[in-house]
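Participant: Would you mind keeping the following structure in view while I ask a few things?
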Amino acid sequence: MFPSAELIIACPRCKELAKVSAGAPGSPEGVIIWSDGFQDAPFNERPPRVTRCGKCLGYFWTDEAQTLGYILRGSTPPPEQAHWADAPAIQPLDESGLMNALAQGLAYSPELELELRVAIWWRGNDIFRTEDAPVGHATSKDAISNMERFIEMMAEGAEDLLLFRAEALRQLGRFQEVEASLQTVWCSDYAPAKNRLLELARSGDRKLRKLFDSPAF
């Protein structure tokens, strides 16, 4: 797909049209990897995985919507597709929106439930991705309940999931469990993140932290 193209999709429920950026090759410059695993990549924006239809207000996974075609940005579609240009761009959901999507049954498999719960966690953590964040970890009842659920789901997971699990445990202040969760993380690729999480847990730190970053242009 052309990097400057926009896909035209149809809502799975009401068939309302919307645009999805097809994305472009990203750059590692300016990327920040946070302790919750979220990658802040200003030069590699990805379209939302979950959105809400502006017409019927239903939630849906964007890759489950029908793709009708694409238009190049700045170009004029052929007459029979002229209405595509007026389609609104899909919008990302905040923590509350993702929680509503979960409550309405969008996570119809364990894998999708886990993905959606991690996304909820990330959006809730966004407020702490600043140097002067007043707290630095979740405090709301719903956010804590969500974390406890995916901590349970990840207990027998792969090593990358165990890193997520350990970070959630750290943010909940369950520091001894952080070490237990990381005991079976042996992959050398994960060693820097593992060691940093252990360091933070052993110091009693619950705040969301930067793990790695690269300089911006």
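The values are calculated or read from the model by the stated rules, or taken from the named source; none is laboratory data. Given the structure is predicted, the values throughout are model-derived calculations rather than measurements. Cβ sites come from the backbone with ideal geometry, for glycine too, and all protein chains shown count toward neighbours.
Participant: Please work out which residue is farthest from R123 (Cα to Cα), limiting yourself to the range 74-87 and to residues that are in contact with a strand residue (DSSP E or B) (Cβ under 6 Å, 6 or more places away or on another chain) and in a loop (DSSP other than H, G, I, E, B). Explain how you work it out, then say what you get.
Facilitator: Within the range 74-87, the first condition is being in contact with a strand residue (DSSP E or B) (Cβ under 6 Å, 6 or more places away or on another chain), and the residues that meet it are 77, 84, 87.
Within this subset, residues satisfying the condition of being in a loop (DSSP other than H, G, I, E, B) are 77, 87.
On the way: P77: 35, A87: 26 Å.
Of everything passing the filter in the range 74-87, P77 is farthest from R123 (Cα to Cα).
Participant: Follow-up question, since we're still on this one. Would you point out the residue of the range 131-160, among those that are part of a loop (DSSP other than H, G, I, E, B) and β-branched (V, I, T), that is nearest to E115 (Cα to Cα)?
Facilitator: Let us first name the residues in the range 131-160 that are part of a loop (DSSP other than H, G, I, E, B), namely 131-140, 154-158.
Filter once more, keeping what is β-branched (V, I, T): 135, 139.
Values: V135: 25, T139: 21 Å.
For the range 131-160, the residue satisfying everything is T139.
Participant: Looking for something modelled with pLDDT under 95 and among the polar types (S, T, N, Q) - is there at least one such residue anywhere in the range 194-210?
Facilitator: no
Participant: Looking at S4, S21, which one is surrounded by fewer than 16 Cβ atoms within 10 Å (Cβ to Cβ), over 21 Å from Q104 (Cα atoms), modelled with pLDDT under 90 and out of contact with any Cys (no Cβ under 6 Å at 6 or more places or on another chain)?
Facilitator: On the way: S21 fails: surrounded by fewer than 16 Cβ atoms within 10 Å (Cβ to Cβ).
The conditions single out S4.
Participant: Can you give me the number of residues within the range 103-130 that are among the basic types (K, R), assigned to a helix (DSSP H, G or I) and surrounded by fewer than 18 Cβ atoms within 10 Å (Cβ to Cβ)? Explain how you work it out, then say what you get.
Facilitator: First, pick out the residues of the range 103-130 that are among the basic types (K, R): 117, 123, 129.
Filter once more, so that each one left must be assigned to a helix (DSSP H, G or I): 117, 123.
Filter once more, so that each one left must be surrounded by fewer than 18 Cβ atoms within 10 Å (Cβ to Cβ): none.
Summing the residues that are among the basic types (K, R), assigned to a helix (DSSP H, G or I) and surrounded by fewer than 18 Cβ atoms within 10 Å (Cβ to Cβ) in the range 103-130 gives 0.
Participant: Additional query: Considering each residue of the range 161-172, count those that are under 13 Å from L208 (Cα atoms) and assigned to a helix (DSSP H, G or I), and give that number. Full working, then the answer.
Facilitator: Taking the range 161-172 first, the residues under 13 Å from L208 (Cα atoms) are 164, 166-172.
Now drop any that are not assigned to a helix (DSSP H, G or I), which leaves 164, 166-171.
Count: 7.
Participant: How many residues, within the range 173-217, are in contact with a helix residue (DSSP H, G or I) (Cβ under 8 Å, 6 or more places away or on another chain), of a type in the set (G, A, S) and in a loop (DSSP other than H, G, I, E, B)?
Facilitator: We begin by selecting, within the range 173-217, every residue in contact with a helix residue (DSSP H, G or I) (Cβ under 8 Å, 6 or more places away or on another chain); these are 175, 177-179, 181-182, 184-187, 190, 193-194, 197-198, 200-202, 204-209, 211-212.
Cutting the leftovers down to of a type in the set (G, A, S) gives us 181, 193, 201, 204.
The next check asks that each one be in a loop (DSSP other than H, G, I, E, B); those that pass are 204.
Summing the residues that are in contact with a helix residue (DSSP H, G or I) (Cβ under 8 Å, 6 or more places away or on another chain), of a type in the set (G, A, S) and in a loop (DSSP other than H, G, I, E, B) in the range 173-217 gives 1.
Participant: While we're looking at this one, here's another question. Can T184 be described as of a type in the set (S, T, N, Q), modelled with pLDDT under 95 and within 23 Å of L98 (Cα to Cα)? Give the derivation first.
Facilitator: Working: of a type in the set (S, T, N, Q): yes; modelled with pLDDT under 95: yes; within 23 Å of L98 (Cα to Cα): no.
So T184 does not fit the description; no.
Participant: Quick check: is even one residue across the range 157-168 over 22 Å from R49 (Cβ atoms), surrounded by fewer than 14 Cβ atoms within 10 Å (Cβ to Cβ) and not small (G, A, S)?
Facilitator: No, the range 157-168 contains no residue that is over 22 Å from R49 (Cβ atoms), surrounded by fewer than 14 Cβ atoms within 10 Å (Cβ to Cβ) and not small (G, A, S).
Participant: Considering only residues that are surrounded by 14 or more Cβ atoms within 10 Å (Cβ to Cβ) and among the small types (G, A, S), look in the range 134-144 and name the one that is nearest to W34 (Cα to Cα). Lay out the reasoning, then the answer.
Facilitator: The initial filter retains those residues of the range 134-144 that are surrounded by 14 or more Cβ atoms within 10 Å (Cβ to Cβ), namely 136-138, 143-144.
In the following step, the residues that additionally are among the small types (G, A, S) were identified as 136, 138, 143.
Numbers: G136: 12, A138: 15, A143: 18 Å.
Per the criteria, the residue is G136.
Participant: Look through S96, S75 and report the one residue that is loosely packed, with under 13 Cβ neighbours inside 10 Å and under 23 Å from K141 (Cα atoms). Quick ask: steps written out before the conclusion?
Facilitator: Working: S75 fails: under 23 Å from K141 (Cα atoms).
From the options S96, S75, the qualifying one is S96.
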